[in-house]
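Colleague: Okay, here's the structure, questions in a sec.
The values are calculated or read from the model by the stated rules, or taken from the named source; none is laboratory data. All figures in this text were calculated on a predicted structure; none of them were measured in a lab. For neighbour counting, all protein chains shown are included, and Cβ atoms are generated from backbone atoms with ideal geometry for every residue, glycine included. Heavy atoms of the whole protein, side chains included, go into the accessibility calculation; ligands, DNA and RNA do not. Shrake-Rupley method; radii C 1.70, N 1.55, O 1.52, S 1.80 Å.
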Amino acid sequence: MLNNTPSPNMSNFQKKSILTNPISSHTIDQARADRLHRVQQQLKINNCGAILLYDPINIRYASDSSNMQVWTLHNYARYLLVIADGPVILWEFHNCEHLLDGRELIDEVRDAINYSYFGAGNRAAQKAEQWANEIADVLAQYNIRDQHLAIDKAEQEAIQILTVKHQIKVVDGHSLMEQARKIKSAAEIALMQWTINVCETGIQRMYDELTPGMTENQLWAWLHFENIQHGGEWIETRLLSSGSRTNPWMQESSNRVMNLGEIISFDTDLIGPYGYCADISRAWTVGHTKPTDQQRSIYQEAYNQIHHNMSLLKAGLSYREFSQRAWKIPDKYYQNRYCCLAHGIGMCDEHPAIAHQGDDWKSSGYDGVFEENMVVCVESYIGAVNGAEGVKLEQQVLITKQGVKELSTYPWEYDWLK
(Lines give C-alpha, C1' and ligand atoms only; values in the text may rest on other atoms or scores of the structure.)
Protein backbone atom coordinates (compact mmCIF):
# COMPACT_ATOMS: atom_id res chain seq x y z
CA MET A 1 0.00 0.00 0.00
CA LEU A 2 1.26 3.47 -0.88
CA ASN A 3 2.26 5.74 1.94
CA ASN A 4 0.52 9.05 1.26
CA THR A 5 1.16 10.59 4.64
CA PRO A 6 3.16 13.84 4.76
CA SER A 7 6.87 13.66 5.41
CA PRO A 8 7.72 13.99 9.12
CA ASN A 9 9.22 17.42 8.57
CA MET A 10 6.43 18.87 6.42
CA SER A 11 4.79 20.66 9.36
CA ASN A 12 8.00 22.63 9.85
CA PHE A 13 8.11 24.14 6.36
CA GLN A 14 7.31 27.68 7.55
CA LYS A 15 10.46 27.67 9.64
CA LYS A 16 12.62 27.59 6.48
CA SER A 17 13.84 31.06 5.56
CA ILE A 18 13.08 32.69 2.22
CA LEU A 19 16.07 33.95 0.25
CA THR A 20 16.51 37.70 -0.12
CA ASN A 21 16.11 38.71 -3.76
CA PRO A 22 19.28 40.57 -4.83
CA ILE A 23 17.99 41.71 -8.24
CA SER A 24 17.73 45.47 -8.71
CA SER A 25 15.27 47.29 -10.96
CA HIS A 26 18.27 48.51 -12.99
CA THR A 27 19.29 44.89 -13.72
CA ILE A 28 15.76 44.03 -14.82
CA ASP A 29 15.54 47.09 -17.08
CA GLN A 30 18.95 46.33 -18.58
CA ALA A 31 18.03 42.70 -19.30
CA ARG A 32 14.83 43.81 -21.01
CA ALA A 33 16.67 46.32 -23.19
CA ASP A 34 19.43 43.84 -24.04
CA ARG A 35 16.96 41.19 -25.16
CA LEU A 36 14.86 43.49 -27.34
CA HIS A 37 18.05 44.80 -28.95
CA ARG A 38 19.13 41.26 -29.82
CA VAL A 39 15.75 40.49 -31.43
CA GLN A 40 15.85 43.65 -33.54
CA GLN A 41 19.49 42.94 -34.41
CA GLN A 42 18.56 39.47 -35.66
CA LEU A 43 15.72 40.94 -37.72
CA LYS A 44 18.18 43.18 -39.53
CA ILE A 45 20.72 40.37 -40.01
CA ASN A 46 17.98 38.22 -41.56
CA ASN A 47 16.47 41.02 -43.70
CA CYS A 48 13.14 40.93 -41.89
CA GLY A 49 10.99 43.97 -41.29
CA ALA A 50 9.32 42.48 -38.23
CA ILE A 51 8.65 39.31 -36.27
CA LEU A 52 5.30 38.08 -34.98
CA LEU A 53 5.60 35.99 -31.82
CA TYR A 54 3.11 33.56 -30.33
CA ASP A 55 5.38 31.40 -28.19
CA PRO A 56 4.96 32.87 -24.68
CA ILE A 57 8.66 32.35 -23.95
CA ASN A 58 9.59 34.38 -27.02
CA ILE A 59 7.06 37.06 -26.04
CA ARG A 60 8.60 37.13 -22.55
CA TYR A 61 12.10 37.39 -23.99
CA ALA A 62 11.29 40.29 -26.33
CA SER A 63 8.94 42.33 -24.11
CA ASP A 64 9.15 40.85 -20.59
CA SER A 65 5.37 40.52 -20.56
CA SER A 66 3.76 37.31 -19.37
CA ASN A 67 0.23 36.09 -18.97
CA MET A 68 -0.85 32.51 -18.30
CA GLN A 69 2.43 31.24 -19.74
CA VAL A 70 1.65 27.52 -19.83
CA TRP A 71 -1.94 28.00 -21.00
CA THR A 72 -0.85 30.24 -23.88
CA LEU A 73 1.65 27.59 -24.99
CA HIS A 74 -1.33 25.75 -26.48
CA ASN A 75 -3.86 28.57 -26.96
CA TYR A 76 -3.31 31.26 -29.58
CA ALA A 77 -4.62 33.94 -27.23
CA ARG A 78 -1.94 36.67 -27.28
CA TYR A 79 0.80 37.71 -29.71
CA LEU A 80 3.53 40.31 -30.10
CA LEU A 81 4.88 42.17 -33.12
CA VAL A 82 8.45 43.48 -32.94
CA ILE A 83 9.39 45.83 -35.77
CA ALA A 84 13.08 46.03 -36.65
CA ASP A 85 13.19 49.84 -36.67
CA GLY A 86 9.93 50.61 -34.97
CA PRO A 87 7.55 49.95 -32.13
CA VAL A 88 6.60 46.83 -30.20
CA ILE A 89 2.89 46.02 -30.38
CA LEU A 90 1.18 43.48 -28.13
CA TRP A 91 -2.21 41.93 -28.79
CA GLU A 92 -3.29 40.97 -25.26
CA PHE A 93 -5.86 38.53 -23.92
CA HIS A 94 -9.29 39.84 -22.96
CA ASN A 95 -9.27 42.54 -20.24
CA CYS A 96 -5.61 41.99 -19.31
CA GLU A 97 -4.09 45.35 -20.23
CA HIS A 98 -3.52 46.09 -16.55
CA LEU A 99 -0.90 43.33 -16.46
CA LEU A 100 1.36 45.51 -18.59
CA ASP A 101 1.87 48.33 -16.11
CA GLY A 102 5.55 49.25 -16.08
CA ARG A 103 6.37 47.44 -19.33
CA GLU A 104 7.94 50.42 -21.08
CA LEU A 105 9.16 48.36 -24.05
CA ILE A 106 5.59 47.84 -25.27
CA ASP A 107 4.48 50.83 -27.33
CA GLU A 108 0.90 49.80 -28.09
CA VAL A 109 -1.62 47.27 -26.75
CA ARG A 110 -4.52 45.90 -28.79
CA ASP A 111 -7.18 43.25 -28.22
CA ALA A 112 -6.08 39.82 -29.44
CA ILE A 113 -8.10 37.95 -32.05
CA ASN A 114 -8.30 34.26 -31.20
CA TYR A 115 -8.83 32.19 -34.36
CA SER A 116 -8.20 28.77 -32.79
CA TYR A 117 -11.14 26.40 -32.61
CA PHE A 118 -11.34 26.75 -28.83
CA GLY A 119 -11.78 30.50 -29.10
CA ALA A 120 -13.62 30.77 -32.40
CA GLY A 121 -15.49 27.51 -33.00
CA ASN A 122 -17.14 27.48 -36.43
CA ARG A 123 -16.10 31.12 -36.88
CA ALA A 124 -12.40 30.16 -37.01
CA ALA A 125 -11.98 30.98 -40.71
CA GLN A 126 -13.70 34.35 -40.27
CA LYS A 127 -11.53 35.18 -37.25
CA ALA A 128 -8.36 34.10 -39.06
CA GLU A 129 -9.16 36.47 -41.93
CA GLN A 130 -9.89 39.30 -39.49
CA TRP A 131 -6.54 38.58 -37.81
CA ALA A 132 -4.64 38.56 -41.11
CA ASN A 133 -6.27 41.78 -42.26
CA GLU A 134 -5.17 43.58 -39.10
CA ILE A 135 -1.60 42.26 -39.30
CA ALA A 136 -1.36 43.35 -42.94
CA ASP A 137 -2.71 46.81 -42.07
CA VAL A 138 -0.11 47.26 -39.32
CA LEU A 139 2.72 46.22 -41.64
CA ALA A 140 1.47 48.72 -44.20
CA GLN A 141 1.20 51.42 -41.54
CA TYR A 142 4.90 51.04 -40.77
CA ASN A 143 5.94 50.65 -44.43
CA ILE A 144 7.22 47.08 -44.01
CA ARG A 145 4.50 45.17 -45.87
CA ASP A 146 6.90 44.37 -48.72
CA GLN A 147 9.61 43.11 -46.35
CA HIS A 148 9.87 39.63 -44.86
CA LEU A 149 7.72 38.91 -41.81
CA ALA A 150 9.13 36.28 -39.47
CA ILE A 151 6.62 34.22 -37.46
CA ASP A 152 7.62 31.79 -34.72
CA LYS A 153 4.40 29.75 -34.84
CA ALA A 154 0.77 30.18 -35.93
CA GLU A 155 -2.08 28.18 -37.42
CA GLN A 156 -1.46 27.29 -41.08
CA GLU A 157 -4.84 28.63 -42.21
CA ALA A 158 -4.03 32.08 -40.81
CA ILE A 159 -0.55 32.14 -42.37
CA GLN A 160 -2.03 31.12 -45.71
CA ILE A 161 -4.35 34.13 -45.67
CA LEU A 162 -1.37 36.38 -45.01
CA THR A 163 0.69 34.90 -47.82
CA VAL A 164 -2.03 34.38 -50.47
CA LYS A 165 -4.52 37.19 -49.92
CA HIS A 166 -2.09 39.84 -48.69
CA GLN A 167 1.08 38.63 -50.43
CA ILE A 168 3.09 38.89 -47.21
CA LYS A 169 6.47 37.16 -47.41
CA VAL A 170 6.49 34.93 -44.31
CA VAL A 171 9.69 33.27 -43.09
CA ASP A 172 10.54 31.08 -40.10
CA GLY A 173 10.91 33.08 -36.91
CA HIS A 174 11.67 30.23 -34.53
CA SER A 175 15.30 29.88 -35.62
CA LEU A 176 15.71 33.67 -35.57
CA MET A 177 14.59 33.80 -31.94
CA GLU A 178 16.85 30.90 -30.97
CA GLN A 179 19.80 32.84 -32.39
CA ALA A 180 18.74 35.99 -30.54
CA ARG A 181 18.43 34.10 -27.26
CA LYS A 182 21.75 32.23 -27.63
CA ILE A 183 24.07 34.90 -26.16
CA LYS A 184 23.38 36.18 -22.64
CA SER A 185 24.12 39.68 -21.39
CA ALA A 186 25.55 40.34 -17.93
CA ALA A 187 22.10 41.37 -16.71
CA GLU A 188 20.58 38.15 -18.04
CA ILE A 189 23.26 36.10 -16.28
CA ALA A 190 22.37 37.85 -13.02
CA LEU A 191 18.69 36.92 -13.46
CA MET A 192 19.59 33.36 -14.35
CA GLN A 193 21.93 33.06 -11.36
CA TRP A 194 19.10 34.11 -9.07
CA THR A 195 16.88 31.38 -10.54
CA ILE A 196 19.69 28.86 -9.98
CA ASN A 197 19.99 30.00 -6.36
CA VAL A 198 16.26 29.47 -5.91
CA CYS A 199 16.45 26.09 -7.59
CA GLU A 200 19.33 24.99 -5.38
CA THR A 201 17.31 26.03 -2.35
CA GLY A 202 14.64 23.65 -3.62
CA ILE A 203 17.22 20.92 -4.18
CA GLN A 204 18.49 21.35 -0.63
CA ARG A 205 14.91 21.19 0.63
CA MET A 206 14.44 17.89 -1.18
CA TYR A 207 17.69 16.61 0.31
CA ASP A 208 16.59 17.59 3.81
CA GLU A 209 13.09 16.13 3.45
CA LEU A 210 14.12 12.87 1.75
CA THR A 211 13.19 9.91 3.96
CA PRO A 212 12.29 6.28 3.27
CA GLY A 213 8.53 5.79 2.96
CA MET A 214 7.94 9.02 1.04
CA THR A 215 6.59 8.84 -2.48
CA GLU A 216 8.48 10.33 -5.39
CA ASN A 217 5.67 12.86 -5.85
CA GLN A 218 5.91 14.00 -2.24
CA LEU A 219 9.61 14.66 -2.63
CA TRP A 220 9.20 16.42 -5.98
CA ALA A 221 6.56 18.74 -4.49
CA TRP A 222 9.23 20.39 -2.34
CA LEU A 223 11.04 21.70 -5.41
CA HIS A 224 7.78 23.24 -6.66
CA PHE A 225 7.13 24.71 -3.23
CA GLU A 226 10.47 26.50 -2.98
CA ASN A 227 10.24 27.72 -6.56
CA ILE A 228 6.77 29.19 -6.15
CA GLN A 229 7.39 30.81 -2.78
CA HIS A 230 10.45 32.57 -4.26
CA GLY A 231 8.51 33.93 -7.24
CA GLY A 232 9.26 31.14 -9.71
CA GLU A 233 6.83 30.05 -12.38
CA TRP A 234 6.66 26.37 -13.32
CA ILE A 235 8.67 23.19 -13.85
CA GLU A 236 8.73 21.81 -17.37
CA THR A 237 8.99 18.11 -16.51
CA ARG A 238 8.62 15.74 -13.56
CA LEU A 239 11.89 13.88 -14.05
CA LEU A 240 12.45 12.33 -10.66
CA SER A 241 12.62 8.60 -10.12
CA SER A 242 13.92 6.11 -7.60
CA GLY A 243 15.21 2.56 -7.44
CA SER A 244 14.45 0.44 -10.50
CA ARG A 245 12.59 3.39 -12.10
CA THR A 246 15.92 5.20 -12.55
CA ASN A 247 16.87 2.76 -15.32
CA PRO A 248 16.19 3.49 -18.09
CA TRP A 249 15.96 7.24 -17.62
CA MET A 250 13.04 9.60 -18.47
CA GLN A 251 10.42 8.15 -16.10
CA GLU A 252 8.57 10.95 -14.33
CA SER A 253 7.73 11.10 -10.64
CA SER A 254 5.01 8.79 -9.37
CA ASN A 255 3.38 7.57 -6.19
CA ARG A 256 6.01 4.89 -5.84
CA VAL A 257 7.20 4.63 -2.24
CA MET A 258 10.97 5.12 -1.96
CA ASN A 259 12.94 2.58 0.04
CA LEU A 260 16.02 2.95 2.20
CA GLY A 261 19.26 2.85 0.24
CA GLU A 262 17.82 3.14 -3.27
CA ILE A 263 19.19 5.62 -5.80
CA ILE A 264 17.05 8.71 -6.40
CA SER A 265 17.88 10.89 -9.44
CA PHE A 266 16.19 14.03 -10.74
CA ASP A 267 16.40 16.75 -13.40
CA THR A 268 15.01 20.12 -12.29
CA ASP A 269 13.94 21.78 -15.61
CA LEU A 270 12.75 24.64 -13.40
CA ILE A 271 11.45 27.95 -14.75
CA GLY A 272 12.11 30.33 -11.90
CA PRO A 273 11.90 34.06 -11.14
CA TYR A 274 11.90 36.40 -14.17
CA GLY A 275 11.27 33.42 -16.46
CA TYR A 276 14.78 31.94 -16.46
CA CYS A 277 15.56 28.24 -16.37
CA ALA A 278 17.69 26.22 -13.95
CA ASP A 279 18.44 22.77 -15.32
CA ILE A 280 20.42 20.75 -12.77
CA SER A 281 20.57 17.01 -12.05
CA ARG A 282 21.84 15.24 -8.98
CA ALA A 283 21.59 11.75 -7.47
CA TRP A 284 21.46 10.56 -3.85
CA THR A 285 20.47 7.49 -1.91
CA VAL A 286 17.16 7.38 -0.08
CA GLY A 287 17.96 8.01 3.57
CA HIS A 288 21.42 9.27 2.54
CA THR A 289 22.89 5.87 3.22
CA LYS A 290 26.38 4.81 2.19
CA PRO A 291 26.20 3.79 -1.50
CA THR A 292 26.74 0.22 -2.61
CA ASP A 293 29.75 -0.52 -4.79
CA GLN A 294 27.51 -0.58 -7.87
CA GLN A 295 25.87 2.75 -6.99
CA ARG A 296 29.29 4.26 -6.37
CA SER A 297 30.56 2.94 -9.71
CA ILE A 298 27.79 4.39 -11.89
CA TYR A 299 27.91 7.69 -10.01
CA GLN A 300 31.68 7.88 -10.60
CA GLU A 301 31.20 7.29 -14.34
CA ALA A 302 28.53 10.00 -14.61
CA TYR A 303 30.70 12.41 -12.66
CA ASN A 304 33.65 11.63 -14.94
CA GLN A 305 31.57 12.28 -18.05
CA ILE A 306 30.28 15.62 -16.77
CA HIS A 307 33.70 16.90 -15.70
CA HIS A 308 35.64 15.67 -18.73
CA ASN A 309 33.16 17.33 -21.08
CA MET A 310 33.07 20.55 -19.05
CA SER A 311 36.87 20.71 -19.28
CA LEU A 312 36.65 20.83 -23.10
CA LEU A 313 34.25 23.74 -23.38
CA LYS A 314 35.42 27.23 -24.29
CA ALA A 315 34.59 29.99 -26.75
CA GLY A 316 35.74 29.11 -30.27
CA LEU A 317 35.34 25.33 -29.91
CA SER A 318 33.12 23.82 -32.61
CA TYR A 319 30.18 21.61 -31.73
CA ARG A 320 31.66 18.84 -33.89
CA GLU A 321 35.04 18.97 -32.16
CA PHE A 322 33.38 18.94 -28.75
CA SER A 323 31.39 15.87 -29.74
CA GLN A 324 34.47 14.14 -31.14
CA ARG A 325 36.55 14.79 -28.03
CA ALA A 326 33.77 14.03 -25.55
CA TRP A 327 34.17 11.39 -22.84
CA LYS A 328 33.79 7.92 -24.35
CA ILE A 329 30.81 6.17 -22.83
CA PRO A 330 31.64 2.57 -21.88
CA ASP A 331 29.92 0.08 -24.17
CA LYS A 332 27.66 -1.35 -21.46
CA TYR A 333 26.15 2.11 -20.83
CA TYR A 334 26.06 3.40 -24.40
CA GLN A 335 22.60 2.18 -25.43
CA ASN A 336 20.99 4.03 -22.50
CA ARG A 337 22.99 7.24 -23.12
CA TYR A 338 21.33 10.61 -22.62
CA CYS A 339 19.82 12.19 -25.76
CA CYS A 340 22.55 14.83 -26.07
CA LEU A 341 25.98 15.74 -24.67
CA ALA A 342 25.00 19.32 -23.87
CA HIS A 343 22.38 21.90 -24.76
CA GLY A 344 21.87 25.64 -24.57
CA ILE A 345 19.69 27.19 -21.90
CA GLY A 346 18.08 30.54 -21.14
CA MET A 347 14.36 30.89 -20.51
CA CYS A 348 14.09 27.17 -21.29
CA ASP A 349 16.23 24.56 -23.00
CA GLU A 350 17.57 26.31 -26.09
CA HIS A 351 19.76 25.91 -29.16
CA PRO A 352 22.15 24.17 -29.59
CA ALA A 353 21.69 20.49 -28.73
CA ILE A 354 25.00 18.69 -29.22
CA ALA A 355 24.69 15.13 -30.50
CA HIS A 356 26.91 12.19 -29.64
CA GLN A 357 29.25 10.97 -32.36
CA GLY A 358 28.26 7.92 -34.41
CA ASP A 359 24.68 7.28 -35.41
CA ASP A 360 23.38 10.23 -33.37
CA TRP A 361 25.61 12.68 -35.23
CA LYS A 362 24.70 11.15 -38.58
CA SER A 363 20.99 11.44 -37.88
CA SER A 364 20.74 14.73 -35.99
CA GLY A 365 24.14 16.33 -35.44
CA TYR A 366 24.92 19.82 -36.70
CA ASP A 367 27.95 22.03 -36.40
CA GLY A 368 28.43 25.50 -34.98
CA VAL A 369 30.76 27.28 -32.59
CA PHE A 370 30.50 27.87 -28.86
CA GLU A 371 30.60 31.61 -28.22
CA GLU A 372 31.48 33.65 -25.19
CA ASN A 373 28.46 34.24 -22.92
CA MET A 374 26.51 31.26 -24.12
CA VAL A 375 25.08 29.21 -21.25
CA VAL A 376 24.92 25.44 -21.67
CA CYS A 377 24.00 22.40 -19.60
CA VAL A 378 26.38 19.44 -19.68
CA GLU A 379 24.52 16.13 -19.46
CA SER A 380 25.17 12.57 -18.30
CA TYR A 381 23.10 9.47 -17.75
CA ILE A 382 24.80 6.23 -16.77
CA GLY A 383 22.80 3.04 -16.50
CA ALA A 384 23.44 -0.36 -18.05
CA VAL A 385 20.79 -2.05 -20.18
CA ASN A 386 18.76 -4.19 -17.77
CA GLY A 387 20.79 -2.70 -14.93
CA ALA A 388 19.31 -2.29 -11.48
CA GLU A 389 19.63 1.51 -11.25
CA GLY A 390 20.97 4.56 -13.09
CA VAL A 391 22.44 7.97 -12.29
CA LYS A 392 21.51 11.28 -13.95
CA LEU A 393 23.82 14.28 -13.49
CA GLU A 394 23.78 17.72 -15.14
CA GLN A 395 25.65 20.98 -14.64
CA GLN A 396 24.78 24.50 -15.90
CA VAL A 397 27.80 26.54 -17.06
CA LEU A 398 28.70 29.85 -18.68
CA ILE A 399 31.05 29.71 -21.69
CA THR A 400 34.09 31.99 -21.40
CA LYS A 401 37.20 32.52 -23.53
CA GLN A 402 39.25 30.32 -21.22
CA GLY A 403 36.71 27.62 -20.37
CA VAL A 404 33.56 27.56 -18.29
CA LYS A 405 32.23 29.15 -15.15
CA GLU A 406 29.97 26.79 -13.23
CA LEU A 407 26.71 28.58 -12.48
CA SER A 408 25.19 25.67 -10.60
CA THR A 409 27.21 24.97 -7.49
CA TYR A 410 25.11 22.43 -5.60
CA PRO A 411 27.64 19.95 -4.19
CA TRP A 412 28.38 16.56 -5.67
CA GLU A 413 28.47 13.40 -3.55
CA TYR A 414 32.24 13.66 -3.11
CA ASP A 415 32.37 10.81 -0.62
CA TRP A 416 31.06 8.50 -3.35
CA LEU A 417 34.08 9.23 -5.57
CA LYS A 418 37.21 7.10 -5.58
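Colleague: Go ahead and collect, in residue order, the members of region 345-382 whose backbone nitrogen is under 19 Å from a label point 7 Å along the Cα-Cβ direction of residue 318.
Modeller: 352-372
Colleague: Here is a further query. How large a share of the accessible area of region 303-416, in percent, is made up of carbon and sulfur atoms when the probe is 1.4 Å and the other protein chains stay in place?
Modeller: 46 percent
Colleague: For region 184-301, what is the charge dipole size about the Cα centre, in debye to the nearest 20, if Lys and Arg each add +1 at the Cβ and Asp and Glu each add -1 at the Cβ?
Modeller: Using Cβ point charges on Lys, Arg, Asp and Glu, region 184-301 gives about 240 debye.
Colleague: Taking 56 Å as R0, compute the FRET efficiency from the Cβ-Cβ separation of residue 331 and residue 125 and round it to 0.05.
Modeller: With R0 = 56 Å, the Cβ-Cβ based efficiency is 0.50.
Colleague: Rounded to the nearest 0.05, what FRET efficiency do residue 75 and residue 406 have when you use their Cβ-Cβ distance and R0 = 41 Å?
Modeller: 0.60
Colleague: How many angstrom lie between the C-alpha centres of region 77-131 and region 282-341?
Modeller: Comparing the Cα centres of region 77-131 and region 282-341, I get a distance of 45 Å.
Colleague: A further question follows. Along the positive direction of the dipole of the chain (beta-carbon charges: Lys, Arg +1; Asp, Glu -1; about the Cα centre), which of 162, 191, 87 reaches farthest?
Modeller: Most positive-ward Cα: 191.
Colleague: Roughly how compact is region 51-205, stated as its Cα Rg over 2.2 N^0.38 Å to two decimals?
Modeller: 1.13
Colleague: Any aspartates and glutamates with Cα under 18 Å of the residue 127 Cα? List them, leaving off those in the same chain fewer than 8 positions away.
Modeller: The reachable aspartates and glutamates, counting only those whose Cα sits under 18 Å from residue 127, are 92, 111, 137, 155, 157.
Colleague: Which of 386, 373, 336 ends up with the largest GNM mean-square fluctuation for the chain, with Cα atoms connected below 10 Å?
Modeller: 386
Colleague: Where is the GNM fluctuation largest for the chain (alpha-carbon springs, 10 angstrom cutoff): 302, 140, 342?
Modeller: In this elastic network of the chain, the residue with the biggest mean-square fluctuation among 302, 140, 342 is 140.
Colleague: Roughly how compact is region 209-346, stated as its Cα Rg over 2.2 N^0.38 Å to two decimals?
Modeller: In units of the 2.2 N^0.38 Å rule of thumb, it is 1.15.
Colleague: Measure off, as a whole percent, the carbon and sulfur share of the 1.4 Å-probe accessible area of region 189-251, all protein chains present.
Modeller: C and S atoms contribute 58 percent here.
Colleague: For 165, 418, 328, give the ranking by accessible area with the largest first, probe 1.4 Å.
Modeller: Most to least solvent-accessible, the answer reads 418, 328, 165.
Colleague: For the chain, what does the helix formula give at 222 nm: sum of -39500 (n - 2.57) over DSSP H segments with n ≥ 4, over the residue count, nearest 500 deg cm²/dmol?
Modeller: Value at 222 nm, helices only: -10500 deg cm²/dmol.
Colleague: Continuing with the same structure: Hey, got the dipole for region 293-418? About the Cα centre, +1 on K and R Cβ, -1 on D and E Cβ, debye to the nearest 20?
Modeller: 300 debye
Colleague: I've got another one for you. Using the alpha-carbon centroid of each, what span in Å lies between region 347-412 and region 40-59?
Modeller: 27 Å
Colleague: What residue among 356, 94, 174 shows peak mean-square fluctuation when the chain is described by a Gaussian network model with Cα springs under 10 Å?
Modeller: Looking only at 356, 94, 174, the biggest GNM fluctuation is shown by 94.
Colleague: Please report the orientation-averaged projected area of region 350-418, defined via the convex hull of its C-alpha atoms, in nm².
Modeller: 7.0 nm²
Colleague: I need the calculated FRET efficiency for the pair residue 101 and residue 186, taking r as the beta carbon distance and R₀ as 22 Å, to the nearest 0.05.
Modeller: 0.25
Colleague: Over region 124-196, one equal point on each Cα, no solvent: what is log10 I(q)/I(0) by the Debye formula at q = 0.17, 0.19 Å⁻¹?
Modeller: -0.70, -0.78
Colleague: Report the semi-axes of the equivalent ellipsoid for region 62-108 in whole Å, largest first, where each axis is √(5λ) for an eigenvalue λ of the Cα gyration tensor.
Modeller: 18, 13, 9
Colleague: Taking one equal scatterer on every alpha-carbon of the chain, how large is log10 of I(q)/I(0) by Debye at q = 0.06, 0.08, 0.14 1/Å?
Modeller: Debye curve over Cα of the chain, log10 I(q)/I(0) at q = 0.06, 0.08, 0.14 Å⁻¹: -0.28, -0.50, -1.26.
Colleague: Heavy atoms only, probe 1.4 Å: what % of the accessible area of region 12-110 goes to carbon and sulfur, would you let me know?
Modeller: 48 percent
Colleague: A further question follows. Could you report region 10-119's accessible area per residue, 1.4 Å probe, as an integer in Å²?
Modeller: Value returned for region 10-119: 49 Å² of accessible area per residue.
Colleague: When the dipole is taken about the Cα centre of the chain, and only Lys, Arg (+1) and Asp, Glu (-1) are charged at their Cβ, what size is it in debye, to the nearest 20?
Modeller: 640 debye
Colleague: Moving to a separate point now. Given a cut-off of under 8 Å on Cα pairs at least six residues apart, what relative contact order in percent is computed for the chain?
Modeller: 14 percent
Colleague: Could you tell me the extents of region 340-388's C-alpha atoms along the three principal axes, largest first, rounded to whole Å?
Modeller: Sorted from largest, the Cα extents of region 340-388 read 39, 24, 16 Å.
Colleague: Return one whole number: the accessible area per residue of region 231-380 in Å², for a 1.4 Å probe.
Modeller: For region 231-380, the per-residue accessible area is 37 Å².
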